[in-house]
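Trainee: Before we start, here is the structure in question, set down as structure tokens.
The values are calculated or read from the model by the stated rules, or taken from the named source; none is laboratory data. Just so it is clear, the structure is predicted and the values come from calculations on it, not from any experiment. Cβ coordinates were reconstructed from backbone atoms using ideal geometry, including for glycine residues, and neighbour counts include every protein chain displayed.
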Amino acid sequence: MSRQAESSALAAAPPGAAPARWTWSVLAAALAAGALLPQVVTSTLAITLLTQAVIGGILATAVGLLIRQAGLVSFGHAAFFGLAGYFIALPARHGLWPAEVSIVLAVAAPTLLAFLLGLVIVRIPGVAFSMLTLAIGQAFHEFALRAREITGGEDGFAISLPRALYGVPTEIFQRPQSMFVIAWVALVVILFGLHLLTRTRFGRVTAAIRENEERARFLGYQTVVPRALVFALSALIGAVAGTLFALYNAFVSPEMLHWSLSGSALIMAIVGGTKLLWGPALGGVVFFFFKDLAGDLTEHWPAMIGLTLIVVTVALPLGIGGALVRLLQRLRPAGGRTHG
Amino acid sequence: MAETFAIEGGGLTRRYGGFTALDAVDLAVPDGEIRGLIGPNGAGKSTLIDVLSGRADDWQGSVRLRGADISRLSAQQRRRSGLARSFQRTNVFPELAVREQLEVASWRAETPNVDEVLHEMGLAAIAHMRAADVSYGDRRRLDLALALIGRPTVLLLDEPAAGLSMKESMALAELLRDLASRWKVTVLLVEHDMDVVFSICHRITVLHLGRVLAEGTPAEIRSIPEVVTAYLGSAVE
């Protein structure tokens, strides 16, 4: 199969089409699998790793969405992830308002910030956009690092959460078995929501703008706001990941804002495949397990991840997800199309 | 009472540093006319299209669409006012299916006519294919089809026949003439293929070094020695 044909096979469904019946089946099966997995996987270590992987997968989905829907590569998504954490941690530390309000703000504030930033930075193409996101992310990191009296500096600090959040015992968010289910449900809902979004006019128009911004303008489209909205949506997903991370660990530190986390999310997205909505999430799971495995073998595990990235980029340009789709198509040549 | 033109440019000037690409060009194209815009490379043809369509920055003069001043309107606003354009280089959405991109275009149009355009442009058979997977000739027709969505009032075409075979070029010329007549679209056509220009244009404007060198019917243009010497040569003899 040619690369073009592969790309076609990975394209989304026709515009405006109602979700196929299989979509609902996959949604139900995915939710059920997530609920059952902690019953099957009894190892606390494994379920802890899975929980981290799913949260990482959500962050990777955010980065992947920006690439897939806007053609923009962010090196600074840790900013939205980390800001969400601090939006929960700081009000709790200073007793400003209830934690439930903080959780809403933790998702809403980075989203709004991203939209406002997006109105300016999405106009800047290519590498310059990536560098701007890196600079913005590092600015927040530096602030968290230096404003010790506010943020606790490099050491970070533990988040004092109430006993219950929205009537749910807080320990539910901190036990790996239950947090895995929460994170998994969040991931599945996000992917399903994005799947539906790609079928809307907004999804189609943003795809067109990604493909050819100038032509979209000459068809009468305003192109900055839609791209800023995609950037904000991507930040929202990153903030959801950061919120889950902060609730799970009850701890924040500047590491949550560091560029290396943005880089890891980007690696996850590329390894999983950015042409598929679920590719980055798959990349997140693969990344965390590979990192754990490589960490057991050598302290130079980052080098192994780097090598893996090179191999995947060269050998599997559509990522592991794309390779899986290709394999399935070969096994079932007369089968239906595969959906993102 | 002064005549209202479909598209009208007055004193259009565009400079790139010390180079004047357009030098106080006046152009007025009446409703329903197919106007050819010819001239050697660097004459200012594409720059004129860019100024009229809202693609160019830092230009002087005025642009009117059916009498309304659109000089300050953005490219998007001009498109929504009924001024469409195609591009010198094929400018489509490579990863989107042919029908899909025409539908995206139609959502901004007051009169969505996707099926009509697919049929008229002979693209119906490849409507499901990605633009990246269709032939060059089909991509050129798709480029034109995108401009035709919504039945624009004025169509600015920048070398629509570039890269096409002689047969394809003449077929495109016939199609343009037919559509312009039936849909009552005013066309400003930049084209190096003189067979296309002289076969379908009602009038021709010749640009040279950013200025209007001559304007007239194809027969008149053929008879102007400076034009023949400077640009046409034996191309239309």
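Trainee: Could you check the range B:210-226 and list, in sequence order, the residues that are modelled with pLDDT under 90 and surrounded by fewer than 15 Cβ atoms within 10 Å (Cβ to Cβ)?
Mentor: B:Ser223, B:Pro225, B:Glu226
Trainee: Condition test on B:Asp57, is it under 25 Å from B:Asp178 (Cα atoms) and part of a loop (DSSP other than H, G, I, E, B)?
Mentor: On the way: under 25 Å from B:Asp178 (Cα atoms): no; part of a loop (DSSP other than H, G, I, E, B): yes.
Considered against the rule, which asks whether it is under 25 Å from B:Asp178 (Cα atoms) and part of a loop (DSSP other than H, G, I, E, B), B:Asp57 comes out as no.
Trainee: Just the residues that are more than 15 Å from A:Gly167 (Cβ to Cβ) and of a type in the set (D, E, K, R), please, taken from the range A:89-107.
Mentor: The one that is more than 15 Å from A:Gly167 (Cβ to Cβ) and of a type in the set (D, E, K, R): A:Arg93.
Trainee: For the condition within 23 Å of A:Thr111 (Cβ to Cβ) and of a type in the set (Lys, Arg), what is the one hit in A:Arg204, A:Arg215?
Mentor: Numbers: A:Arg215 fails: within 23 Å of A:Thr111 (Cβ to Cβ).
Sole residue among the options that is within 23 Å of A:Thr111 (Cβ to Cβ) and of a type in the set (Lys, Arg): A:Arg204.
Trainee: Restricted to the range B:78-91, and to residues that are surrounded by fewer than 24 Cβ atoms within 10 Å (Cβ to Cβ) and at the interface with chain A (Cβ under 7 Å from one of its Cβ atoms), which residue is nearest to B:Leu144 (Cα to Cα)?
Mentor: Top of the filtered list is B:Asn91.
Trainee: Still on this model: Could you tell me how many of the residues in the range B:145-179 are at negative phi, within 14 Å of chain A (Cβ to nearest Cβ) and out of contact with any Gly (no Cβ under 6 Å at 6 or more places or on another chain)?
Mentor: Let us first name the residues in the range B:145-179 that are at negative phi, namely B:145-149, B:152-158, B:160-162, B:164-179.
Of the ones still in play, those that are also within 14 Å of chain A (Cβ to nearest Cβ) are B:145-149, B:152-158.
So of that shortlist, the ones also out of contact with any Gly (no Cβ under 6 Å at 6 or more places or on another chain) come out as B:145-149, B:154-158.
The number of residues fulfilling the criteria is 10.
Trainee: Quick one: which residue in B:Val212, B:Val185 is within 21 Å of B:Arg85 (Cβ to Cβ) and within 13 Å of the chain's Cα centre (by Cα)? Don't jump to the end; show me each part of the working.
Mentor: On the way: B:Val212 fails: within 13 Å of the chain's Cα centre (by Cα).
Matching residue, one of B:Val212, B:Val185: B:Val185.
Trainee: Is it the case that some residue within the range B:118-140 is under 30 Å from B:Thr4 (Cβ atoms) and within 9 Å of chain A (Cβ to nearest Cβ)?
Mentor: no
Trainee: Further question on the same structure: Just one of (1) outside any helix (DSSP H, G or I); (2) closer than 18 Å to A:Phe288 by Cβ trips up A:Gly57, so point out which.
Mentor: (1)
Trainee: Looking at the structure I just gave you, is A:Thr274 crowded, with 19+ Cβ neighbours inside 10 Å, in contact (Cβ under 8 Å) with a residue 12 or more places away in the chain and more than 25 Å from A:Thr313 (Cα to Cα)?
Mentor: Values: crowded, with 19+ Cβ neighbours inside 10 Å: yes; in contact (Cβ under 8 Å) with a residue 12 or more places away in the chain: yes; more than 25 Å from A:Thr313 (Cα to Cα): no.
Against the criterion (crowded, with 19+ Cβ neighbours inside 10 Å, in contact (Cβ under 8 Å) with a residue 12 or more places away in the chain and more than 25 Å from A:Thr313 (Cα to Cα)), A:Thr274 does not qualify.
Trainee: When the range B:106-134 is examined, which residues are found to be on the phi > 0 side of the Ramachandran plot and of a type in the set (Phe, Trp, Tyr)?
Mentor: Of all residues in the range B:106-134, those on the phi > 0 side of the Ramachandran plot come to B:122.
Those that are on the phi > 0 side of the Ramachandran plot and of a type in the set (Phe, Trp, Tyr): none in the range B:106-134.
Trainee: Do you know which of the residues in the range A:89-106 that are crowded, with 24+ Cβ neighbours inside 10 Å and among the aliphatic types (A, V, I, L, M) is farthest from A:Thr133 (Cα to Cα)?
Mentor: Start the filter on the range A:89-106 by keeping residues that are crowded, with 24+ Cβ neighbours inside 10 Å, which leaves A:89, A:102, A:106.
From what's left, among the aliphatic types (A, V, I, L, M): A:89, A:106.
Working: A:Ala89: 24, A:Ala106: 19 Å.
Once the filter is applied, the top-ranked residue is A:Ala89.
Trainee: A:Trp259 fails exactly one of the following numbered conditions: (1) under 30 Å from B:Val98 (Cβ atoms); (2) surrounded by fewer than 23 Cβ atoms within 10 Å (Cβ to Cβ). What is the number of that condition?
Mentor: Condition not satisfied by A:Trp259: (1).
Trainee: Between A:Leu236, A:Leu244, A:Leu197, which is hydrophobic (A, V, I, L, M, F, W, C), out of contact with any His (no Cβ under 6 Å at 6 or more places or on another chain) and surrounded by fewer than 20 Cβ atoms within 10 Å (Cβ to Cβ)? Please lay out each step first, then the result.
Mentor: Values: A:Leu236 fails: surrounded by fewer than 20 Cβ atoms within 10 Å (Cβ to Cβ); A:Leu244 fails: surrounded by fewer than 20 Cβ atoms within 10 Å (Cβ to Cβ).
Within the list A:Leu236, A:Leu244, A:Leu197, the selection yields A:Leu197.
Trainee: Let me confirm something: among A:Val63, A:Val122, A:Val40, which residue is surrounded by fewer than 22 Cβ atoms within 10 Å (Cβ to Cβ) and hydrophobic (A, V, I, L, M, F, W, C)? Even if it seems obvious, please write down each step before you answer.
Mentor: Values: A:Val63 fails: surrounded by fewer than 22 Cβ atoms within 10 Å (Cβ to Cβ); A:Val122 fails: surrounded by fewer than 22 Cβ atoms within 10 Å (Cβ to Cβ).
A:Val40 is the lone residue from the list that is surrounded by fewer than 22 Cβ atoms within 10 Å (Cβ to Cβ) and hydrophobic (A, V, I, L, M, F, W, C).
Trainee: If we only count helices (runs of 4 or more DSSP H) wholly inside the range A:153-225, which ones have 1 or more residues that are more than 11 Å from chain B (Cβ to nearest Cβ)? Working first, answer last.
Mentor: On the way: elements: A:171-174, A:176-197, A:201-211, A:213-217.
Result: A:171-174, A:176-197.
Trainee: Further question: Among B:Leu96, B:Leu102, B:Leu73, which is more than 17 Å from B:Leu157 (Cα to Cα), within 12 Å of another protein chain (Cβ to nearest Cβ) and surrounded by fewer than 18 Cβ atoms within 10 Å (Cβ to Cβ)? Full working, then the answer.
Mentor: Values: B:Leu96 fails: surrounded by fewer than 18 Cβ atoms within 10 Å (Cβ to Cβ); B:Leu102 fails: surrounded by fewer than 18 Cβ atoms within 10 Å (Cβ to Cβ).
One residue alone meets the criteria, B:Leu73.
Trainee: Let me ask you something else. With the structure loaded, tell me whether A:Leu187 is at pLDDT 95 or above and within 30 Å of A:Arg217 (Cβ to Cβ) or whether it fails that test.
Mentor: On the way: at pLDDT 95 or above: yes; within 30 Å of A:Arg217 (Cβ to Cβ): no.
So A:Leu187 fails the test.
Trainee: I'm trying to understand the selection: among the residues of the range B:13-36, which are over 19 Å from the mean Cα position of the chain (by Cα), surrounded by 15 or more Cβ atoms within 10 Å (Cβ to Cβ) and either of a type in the set (Phe, Trp, Tyr) or outside any strand (DSSP E or B) (or both)?
Mentor: Scanning the range B:13-36 gives no hits.
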